[in-house]
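Peer 1: There's a structure below that I have some questions on.
None of the figures in this text is laboratory data; all of them are computed from the coordinates on show. Computed from a predicted structure; not experimentally measured. Note that each Cβ is placed from the backbone with ideal geometry, even for glycine, and that neighbours are counted across all protein chains shown.
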Amino acid sequence: MNRRDFLKALGLGGTVSAASACTLDDNVYFTPVEKVLPFVTRPEQTTPGTNSHFATTIGTGPRAWPVVSVHRDGRVINVGANDNTGVARAVTAANLFELQRHWSPDRVTAPRKDGAPTTWDDATKELVGKAVAARSAGKKVAYVGPYRSGTIVDVLKTVTSGNALFFEPLGLDAEALAAKALFGDVGLPRYLLDDARMVLSFGAPFLGDAYASPGLRASFAAAKSANHGNYVARFVAVTPVKDQTAANADDWHGCVPGTEAMVALAIAKLVADAKHYAGPATAMLAAANVEAAASASGISAETIQSIAKAFAAESAVALPGGINGASAAATRLAGAVYLLNHVSGHETMRPGGYRGPISSLADVQALVADMQAGKVGVLLLDDVDLVHAIPGGAFAAALANVGTVVSVTGTPNETNAAAKLWMPTHDAFEDWGDEE
């Protein structure tokens, strides 16, 4: 190591390692420092070897949560809880996984065209030209991505003339459809588990990262703490699968898959009768039958009646099925659970949950039909893998009929492998986006 290289390394401002007797160990592979300049004008908030902390949001849609990213020398190295937001302090496994994705060696960080590197100017001109040509030919410019909220939603809807889909496999589309049918376009409800003496789940995996934000888990933790309200809530699960969440239930009642909606509706009818409910939901409960629900589900009528009696007796809340309830009756199940919460009058389910757009499988199938018919000129693919998620290979076959496929995510998957143009956007540690 010559003196010039040594002085360059010394000028970096970090820790200096001196080699004994000015020589290097034969087992150490040293690469000479090239084109390294010290901080003549140090960037703001950057001190070599010292951590900086920035508040950000990790996750999208209903799973977005405020955290603090830890930076050193301009690079994010860790994720911590944010103490100054007024919500639960939490760092989920998904937050840490996002850090791994940020540093993934497979991540695409620069634009590409036909597999070769290109400039942002050339990629932008290419995309604009293709979009203009598609619209001139009467074809659509469409976008498909995961749940998003905030300003970016309006931008995407404007750019695509309303042809933007926000879809996730095994997502919350059933809950969104049921909420819209019963309450109008007000978004998803929020659940106050910490105010409940009984939590009744029909398969909602709320103790995992996929279903909801850490706030729901914090609410459940408060409900199960004797220091909160001097009582411990009882957790009852009615689901065909004992997953991580149901395994924590005080009472688990296994049922035949797809019959959860019948059980929920039967409980709702019993609760309505006990509460002398006479509101607009009465007609919707007329078809409920305890004996029929017991026969179909495998749960005894006595058990259904016992659950309903406990639910009506004191503050309680019910949650719809999530992944475990993702059957052909998923929307009906969500609607039945909403009715149960409504007729109980407990006010543990309220408006004010996630209000971002949630597209359904029917919306995606309509897009696939347009793609197959050659009606889509430009398709923007965000961080969602529909080739893997949509059965029958329909999405993969339809991609061949799209004029230009553009990937706007830096994470490769089976779907964006068909993209000829890559314009990767920043991830949560790099952008200045917003979530609601």
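Peer 1: Classify the range 51-102: rounded, prolate or oblate, from the alpha-carbon gyration tensor (a ≥ b ≥ c, eigenvalue square roots; a/c under 1.5 rounded; otherwise prolate if a/b is larger than b/c)? Mind showing how you got there, number by number?
Peer 2: On the way: a/c = 2.15, a/b = 1.26, b/c = 1.71.
Here the range 51-102 falls in the oblate category.
Peer 1: Sticking with this structure for a sec: Taking the Cβ of each residue in LEU380, LEU127 as the centre, tally the other Cβ atoms inside 10 Å and list the residues starting with the fewest.
Peer 2: Lowest to highest Cβ neighbour count: LEU127, LEU380.
Peer 1: Where the convex hull is taken over the Cα atoms of the chain, what is its projected area averaged over directions, in nm²?
Peer 2: Mean projected area for the chain: 27.9 nm², to one decimal.
Peer 1: For LYS157, list the lysines whose Cα falls under 27 Å from its own Cα; do not include residues on the same chain fewer than 8 positions away.
Peer 2: Reachable lysines: LYS113, LYS125, LYS130, LYS139, LYS140, LYS180, LYS375, LYS420.
Peer 1: Comparing THR57, THR239, THR160, which has the greatest mean-square fluctuation in the GNM of the chain with Cα pairs linked when under 10 Å apart?
Peer 2: Between THR57, THR239, THR160, it is THR160 that shows the largest mean-square fluctuation.
Peer 1: Within a 10 angstrom radius of the beta carbon, how do ILE267, ILE77, ILE152, ILE304 rank from fewest other beta carbons to most?
Peer 2: Ranked by crowding around the Cβ, least crowded first: ILE77, ILE152, ILE304, ILE267.
Peer 1: What net charge do the residues around THR303 carry, taking every other residue with its C-beta under 12 Å from that of THR303, with Lys and Arg at +1 and Asp and Glu at -1?
Peer 2: Combined, the nearby Lys, Arg, Asp and Glu give -1.
Peer 1: Also, I was wondering about something else. Could you work out how far apart the two model spin labels at LYS125 and ALA226 are, taking each label as a point 7 Å from the Cα in the direction of the beta carbon, and quote it in nm?
Peer 2: With each label placed 7 Å out from Cα toward Cβ, I get 7.3 nm.
Peer 1: Based on other C-beta atoms within 10 Å, arrange VAL241, VAL144 from fewest to most. Show your work: numbers first, answer last.
Peer 2: Values: VAL241 15, VAL144 22.
With the fewest neighbours first, VAL241, VAL144 line up as VAL241, VAL144.
Peer 1: Can I ask one more? Work out, step by step, the length gained on full extension between SER136 and LYS275: first 0.36 nm times the residue separation, then minus their alpha carbon distance; give nm to one decimal.
Peer 2: 44.0 nm
Peer 1: While we're looking at this one, here's another question. Label point 7 Å out from LYS113 along Cα-to-Cβ: which residues of the range 121-161 have amide N under 14 Å?
Peer 2: Inside the label zone: 121-131.
Peer 1: With a Cα-only, solvent-free Debye model of the range 173-350, what are the log10 I(q)/I(0) values at q = 0.09, 0.10, 0.17 Å⁻¹?
Peer 2: Relative scattering, expressed as log10 I(q)/I(0), comes to -0.26, -0.33, -1.03.
Peer 1: Separate question: For the pair ASP185/ASP83, report the inter-label distance in nm, with labels modelled 7 Å from Cα in the Cβ direction.
Peer 2: For ASP185 paired with ASP83, the spin-label model returns 4.3 nm.
Peer 1: OK, next. Compute the Cα gyration tensor for the range 166-209, then decide on rounded, prolate or oblate, letting a ≥ b ≥ c be the square roots of its eigenvalues: rounded whenever a/c is under 1.5, prolate when a/b is larger than b/c in the other cases, and oblate in all that remain. Write down the numbers at each step before the final one.
Peer 2: Working: a/c = 2.34, a/b = 1.33, b/c = 1.77.
Oblate, since a/c reaches 1.5 and b/c is not below a/b.
Peer 1: Indicate, rounded to the nearest 5 percent, the antiparallel portion of the DSSP beta bridges found entirely in the chain.
Peer 2: 45
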